[in-house]
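Asker: Below is a structure I'd like to ask you about.
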Amino acid sequence: MNPNDQILSGLKDPQVMRAASQRALRLTMELNGAYHTPERVRELFSQLIGKPVDDSFCLFPPFYTDYGRNITVGKDVFINTGCRFQDQGDIVLGDGALIGHNVLLATLNHDKNPAKRHILHPAPITLGKNVWIGANATVVPGVTIGDGAIVAAGAVVTKDVPPCVIVGGVPARILKQIGTEESE
């Protein structure tokens with residue numbers, strides 16, 4: 001069974017989800033409950049996501065996730081305090097991603113039909129290389145943010161973002177095209 005099939009079957013099995021959530025809660029409580037050296041933070045985060053992170057990874061706790069195993073981070077990734085990652089649908093942070101204070105990355109939706117509201121619909125969130133997500137931004141399921149893009153503080157990103165643009169607002173829209181030149 002591939003990992004995505006396991007996730008989808010887990011989403012349908014409350015006991016599997018509870019066990020996975022309890023594991024994530026235990027590890028996030030350990031991560032958030034006291035001061036840890038950067039090395040220890042990387043160690044705990046690696047346990048949480050089930051794979052090693054690069055020595056360049058930096059996280060300032062507290063950090064919250066309800067699953068953890070579906071988070072992938074590249075090199076030189078920075079996650080600031082208070083972030084919440086709902087990762088059942090997969091979250092991928094490309095090399096050089098910068099995540100501001102209190103960012104929410106949510107990969108699950110509930111069914112629109114009230115009679116089926118308990119049914120979950122996962123969809124991945126993917127951040128390209130050198131993406132910067134400003135404080136208090138929200139990214140919803142199924143969104144890809146292109147290389148070099150900036151998401152303004154407080155934005156709600158509901159659709160894909162092309163590379164090298166600044167988006168902002170609710171819902172987020174393109175505010176400005178940016179280059180890769182150092183002069184900008």
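The values are calculated or read from the model by the stated rules, or taken from the named source; none is laboratory data. In this text the structure is predicted, and so the values were computed from the model without any measurement. Because the Cβ atoms are built from the backbone with ideal geometry, glycine has one as well, and the counts that use them run over all protein chains shown. Note: areas computed on protein heavy atoms with side chains; ligands, DNA, RNA excluded. Shrake-Rupley method; radii C 1.70, N 1.55, O 1.52, S 1.80 Å.
Asker: Would you call G89 buried (at least 20 other Cβ atoms within 10 Å of the Cβ), within 21 Å of F57 (Cα to Cα) and small (G, A, S)?
Answerer: no
Asker: Right, something else. Residues of segment 1-33 being open to solvent by less than 60 Å² (accessible area, probe 1.4 Å) and either small (G, A, S) or modelled with pLDDT of 95 or more (or both), which ones?
Answerer: Across segment 1-33, the qualifying residues are S9, G10, A20, S21, A24, L27, T28, L31, N32.
Asker: How many residues does segment 94-123 contain that are surrounded by fewer than 18 Cβ atoms within 10 Å (Cβ to Cβ), in contact with a Ser or Thr (Cβ under 9 Å, 6 or more places away or on another chain) and either modelled with pLDDT under 95 or over 20 Å from S56 (Cα atoms) (or both)?
Answerer: Going through segment 94-123 one residue at a time, the tally reaches 3.
Asker: If I go through segment 129-149 residue by residue, how many of them are part of a strand (DSSP E or B) and surrounded by 22 or more Cβ atoms within 10 Å (Cβ to Cβ)?
Answerer: 3
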